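Below is one structure, written out as structure tokens; comments come after it.
The values are calculated or read from the model by the stated rules, or taken from the named source; none is laboratory data. The shown structure was predicted, so the numbers you read here are calculated from the model rather than taken from an experiment. Here the Cβ positions follow ideal geometry from the backbone for every residue, glycine too, while neighbour counts run over all protein chains shown. Just so you know, the surface numbers come from the protein's heavy atoms only, side chains and all, with ligands and any DNA or RNA stripped out. Shrake-Rupley method; radii C 1.70, N 1.55, O 1.52, S 1.80 Å.
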Amino acid sequence: MKNYRIGIDTGGTYTDVVVLDSSSGEVIFSVKELTTHGQLEHGIIAALNRLFPKGKKRVRPAEISLVSLSSTLATNAVVEGKGAPTAVFLIGFTGDMVARMRLDSLVPPDSIVRISGGHRYDGREREPLDVDTLRQFLEDHAGIYQAFSVTAQYSVRNSEHELKAQSVIREYSGRHITVSSSLTEDLNSPRRALTATLNAAIQPLMHSLVRAVEAAMRKMKIEAPLMIVRGDGSIIPAPNALDRPIETMGSGPAASVIGANTMTGLSNFLISDIGGTTTDMAIVRQGWPVVEPRGSLMAGYRTSVKTIRIHSHGLGGDSECVDECGKEVEVRINRVVPVSLMAHRFPELIEVLQKRSRENFGLYGALQYIVLAGDSKPEEVPMTSDEAELLKRFSPEPVAYDDFSGRARNRMIIGRLLRKGLIQISGLTLSDAAHVLGLQDNWSREAACHALTISGRWNGRVSWNDKTREQEIRGYAKKILDAVIAKSTYLALETLSRQKLEKDSSLLETFLDGNGMLEDLSVEFRSVLPIVAVGGPADTVYPEVGHRLKTKTIIPENHAVANAIGAASGMVRITAMVEITNPESNGFILHVGNQVTDFTNPDEALKEARKAARTLIQQKSRAMGLKKPEIQIEEKFIRVPGTKDNEGLVSAVIRASSIVKLI
């Protein structure tokens, strides 16, 4: 019997894998592997191998009913500008429209081809599709492109020209093809074109990832469907994700929301996922995250892809904490390797740190050590000769930053190498403070104590009196924790209020410092929603955040692997839209895919629209191998004021949806 499901999440630091009991939703066990950024499948396969070690029977492969993957691949590819060579066909677009789209920043200008054709707003053909121009381009550029995107004017009202162009491209190439109307119902043609182009460019990357995971599953004899998490929190079968990889943007934060919902059973709450690098916050209503209605913003481009409304901030357990003389602790957005972790990996550093903590000179930067990034590929990264020369002086073993920082030129180069991901540097973090306070114990507490001693003696928070040292470094660690709590509380206030708050407000400062008193005024904020906190540092930070916001804080038992739990929790969401328009009051037009049907009676048009919407859901459900879905219908109308019933119908949008829980 197939009793278990596997959830996989590739995060910025770790790839988490959990095994869930299908009937109870209980986490049977979980594993963590370092994420391999260059090739995500390597970390995934390593984690899967730990689930089925030779000679041990944790779970038999035959007992797995489903494998679900939350991946950063689409996000990373778009942000980093990676993707396959893509030809872009724009049907019915003017030159001015193309110029405003900034498509030439995504693909070379000679890869953008304008073709006559397209439809009007009512779905009627504006002019015939210029198939000859399309064929000529494909003949002249045979074998050059790995992907193609096709966008036509008003194709969501009639997709005939897009589908015809797709058919012609298939005659010349077996490569990936994206048609915009298959991705979105957005009427905005330039935005659809951007979305389709991004989707086409990353299709080959998603194919490689999925094929590698499927191959690993076959090797391990796991005969179960592979699902992929989308940016709105739902999951889709891997074959569907191969055609629509852009929809997996933001799947990590989305998976954490679904995981929190699964673990707590709550329907309305604020979710905060704090990891090593970032904190992601979102509002959940009726058990589903609030979706960004305008479409997600990707690498500066507004797309048509619907993702959950996530507030992401550079705040995590590995954020660098800087405390300069006479100032408060500053939690910066850049990520460093915690000193406690660096010494855990390289125990010889403990003695070095202890020696440096006893010196009364050169303390600034004395806890910073540089190592080569383990998963970097220098040969694939553009570098200047100066950068390449300095990089040779680093190794997988830690080297003191002080050995290089004496020259301003070296400091600048090191900064560039850090930004390119070629090296890593240690620094003081919340994780170190948590080790000193006994809130974390997985790395070296001794190294963390030395790190706070070095920093504290440099900025004056720790004296040279060994008898009071332990008390003083604990006080310093509490200062760091309080700074992270204050920043987390501030971010929660912005998320709950949907407002950009001024940090220098005396009222806000009074509240955030934990005192809450401004002269004779008590300053309070109260959240009407409980907080569900997940991620590694959640239990260190969020009990106090909830206390300050006077609300309940829930930290689930398996909060550190919430994203993987969300991936495995299995919720499929299927949607479809059908439109009715009444152009120039000359009758009613029903738009369904590439079909345009005329009606004289609005009631008959609406009846057929509802039927068509249900049929689309049933077709999509069958294509995913799901059972008969329960369908919900949502209708929006625009009518002439003062008219009776549907006599004054101007337009109608019929949306059908179905949510299928696989638990």
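Within region 370-392, does at least one residue satisfy the condition of being basic (Lys, Arg), farther than 22 Å from Asn334 by Cα, in contact with a strand residue (DSSP E or B) (Cβ under 8 Å, 6 or more places away or on another chain) and loosely packed, with under 15 Cβ neighbours inside 10 Å? There is no residue in region 370-392 that is basic (Lys, Arg), farther than 22 Å from Asn334 by Cα, in contact with a strand residue (DSSP E or B) (Cβ under 8 Å, 6 or more places away or on another chain) and loosely packed, with under 15 Cβ neighbours inside 10 Å. Within region 460-471, take every residue that is surrounded by fewer than 18 Cβ atoms within 10 Å (Cβ to Cβ) and either assigned to a helix (DSSP H, G or I) or of a type in the set (D, E, K, R) (or both) and give me the one that is modelled with the lowest pLDDT. Residue satisfying both the conditions and the ranking: Asp466. Residues of region 310-329 that are among the acidic types (Asp, Glu) and modelled with pLDDT of 90 or more: Glu320 alone. A Cβ distance below 9 Å, combined with a sequence gap of six or more or placement on separate chains, defines the contacts here; from region 437-448, residues that are touching a residue at least 60 places away in the same chain (Cβ under 8 Å) reach residues that are surrounded by fewer than 16 Cβ atoms within 10 Å (Cβ to Cβ) and of a type in the set (S, T, N, Q) in the pairs Glu446/Gln354; Ala447/Gln354.
Kindly indicate the residue of region 346-369 that is hydroxyl-bearing (Ser, Thr, Tyr) and either buried (at least 18 other Cβ atoms within 10 Å of the Cβ) or farther than 24 Å from Arg409 by Cα (or both) and also modelled with the highest pLDDT among those meeting that condition. Applying the filter and picking the extreme gives Tyr369. Within region 616-657, the set of residues being of a type in the set (Val, Ile, Thr) and either open to solvent by 90 Å² or more (accessible area, probe 1.4 Å) or touching a strand residue (DSSP E or B) at 6+ places or on another chain (Cβ under 6 Å) (or both) comprises Ile617, Ile631, Ile633, Ile638, Val650, Val653, Ile654.
Just one of Ile574, Ile580 is within 30 Å of Ser70 (Cβ to Cβ) and either in contact (Cβ under 8 Å) with a residue 24 or more places away in the chain or surrounded by 22 or more Cβ atoms within 10 Å (Cβ to Cβ) (or both); which is it? Sole residue among the options that is within 30 Å of Ser70 (Cβ to Cβ) and either in contact (Cβ under 8 Å) with a residue 24 or more places away in the chain or surrounded by 22 or more Cβ atoms within 10 Å (Cβ to Cβ) (or both): Ile574. Of all residues in region 177-198, exactly one satisfies the criterion of being in a strand (DSSP E or B) and in contact with a Ser or Thr (Cβ under 6 Å, 6 or more places away or on another chain), namely Thr178. The single residue among Arg445, Arg457 that is in contact with a Leu (Cβ under 7 Å, 6 or more places away or on another chain) and open to solvent by 20 Å² or more (accessible area, probe 1.4 Å) turns out to be Arg457.
In this structure, Thr248 does not qualify as within 21 Å of Ile112 (Cα to Cα) and in contact with a strand residue (DSSP E or B) (Cβ under 8 Å, 6 or more places away or on another chain). Among the conditions (1) under 13 Å from the mean Cα position of the chain (by Cα); (2) within 20 Å of Ile617 (Cα to Cα), Ala254 misses just one, which is (2). When His161 is tested against (1) within 30 Å of Arg309 (Cβ to Cβ); (2) crowded, with 24+ Cβ neighbours inside 10 Å, exactly one condition is not met: (1). Only residues that are closer than 28 Å to Glu33 by Cα, without any contact (Cβ under 8 Å) to a residue 60 or more places away in the chain and among the hydrophobic types (A, V, I, L, M, F, W, C): list them for region 357-397, please. Ile370, Val371, Leu372, Ala373, Val381, Leu391, Phe394, listed by residue number.
Taking (1) open to solvent by less than 70 Å² (accessible area, probe 1.4 Å); (2) farther than 20 Å from Glu160 by Cα; (3) among the hydrophobic types (A, V, I, L, M, F, W, C); (4) touching a residue at least 60 places away in the same chain (Cβ under 8 Å) in turn, Ile589 satisfies each apart from (2).
In region 419-429, which residue that is in a loop (DSSP other than H, G, I, E, B) and of a type outside the set (Lys, Arg) is surrounded by the most Cβ atoms within 10 Å (Cβ to Cβ)? Break it down stepwise before answering.
To start, the set of residues in region 419-429 that are in a loop (DSSP other than H, G, I, E, B) comprises 420-422, 428.
Okay, now just the ones that are also of a type outside the set (Lys, Arg), so 421-422, 428.
Details: Gly421: 15, Leu422: 19, Leu428: 27.
Only one residue fits best here, namely Leu428.
Look at region 605-627: where a residue is closer than 15 Å to Met577 by Cβ and a partner is open to solvent by 40 Å² or more (accessible area, probe 1.4 Å) and of a type in the set (A, V, I, L, M), sitting 6+ places away or on another chain with Cβ atoms under 8 Å, you get Arg610/Ile633; Ala613/Ile633; Arg614/Ile633.
Considering region 292-309, and only residues there that are crowded, with 20+ Cβ neighbours inside 10 Å and part of a strand (DSSP E or B), the residue that is modelled with the highest pLDDT turns out to be Ile308.
Is it the case, given these coordinates, that Gly174 is of a type in the set (Gly, Ala, Ser), at pLDDT below 90, assigned to a loop (DSSP other than H, G, I, E, B) and more than 23 Å from Gly546 (Cβ to Cβ)?
Values: of a type in the set (Gly, Ala, Ser): yes; at pLDDT below 90: yes; assigned to a loop (DSSP other than H, G, I, E, B): yes; more than 23 Å from Gly546 (Cβ to Cβ): yes.
For Gly174, the condition - of a type in the set (Gly, Ala, Ser), at pLDDT below 90, assigned to a loop (DSSP other than H, G, I, E, B) and more than 23 Å from Gly546 (Cβ to Cβ) - is met.
Within region 234-251, being open to solvent by 10 Å² or more (accessible area, probe 1.4 Å) and under 13 Å from the mean Cα position of the chain (by Cα) holds for Glu247, Met249, Gly250. If I filter region 537-554 down to residues being open to solvent by 50 Å² or more (accessible area, probe 1.4 Å) and not charged (D, E, K, R), which single residue comes out as farthest from Tyr14 (Cα to Cα)? Among those that are open to solvent by 50 Å² or more (accessible area, probe 1.4 Å) and not charged (D, E, K, R), it is His547. How about region 315-349: which of its residues are in a helix (DSSP H, G or I) and either over 36 Å from the mean Cα position of the chain (by Cα) or of a type in the set (Phe, Trp, Tyr) (or both)? Of everything in region 315-349, just one residue is in a helix (DSSP H, G or I) and either over 36 Å from the mean Cα position of the chain (by Cα) or of a type in the set (Phe, Trp, Tyr) (or both), namely Glu348. Of the listed requirements (1) in contact with a Phe, Trp or Tyr (Cβ under 8 Å, 6 or more places away or on another chain); (2) surrounded by fewer than 16 Cβ atoms within 10 Å (Cβ to Cβ); (3) of a type outside the set (Val, Ile, Thr); (4) part of a helix (DSSP H, G or I), Leu138 misses just one: (2). Within region 592-614, the set of residues being modelled with pLDDT of 90 or more, outside any strand (DSSP E or B) and open to solvent by 50 Å² or more (accessible area, probe 1.4 Å) comprises Thr600, Asn601, Asp603, Glu604, Lys607, Glu608, Arg610, Lys611, Arg614. Does Arg416 satisfy being open to solvent by 20 Å² or more (accessible area, probe 1.4 Å) and farther than 25 Å from Gly43 by Cβ? Yes: the conditions hold for Arg416.
Only helices (runs of 4 or more DSSP H) whose full extent lies in region 14-126 are considered here, and the ones with at least 3 residues that are open to solvent by 60 Å² or more (accessible area, probe 1.4 Å) are 40-51, 95-101.
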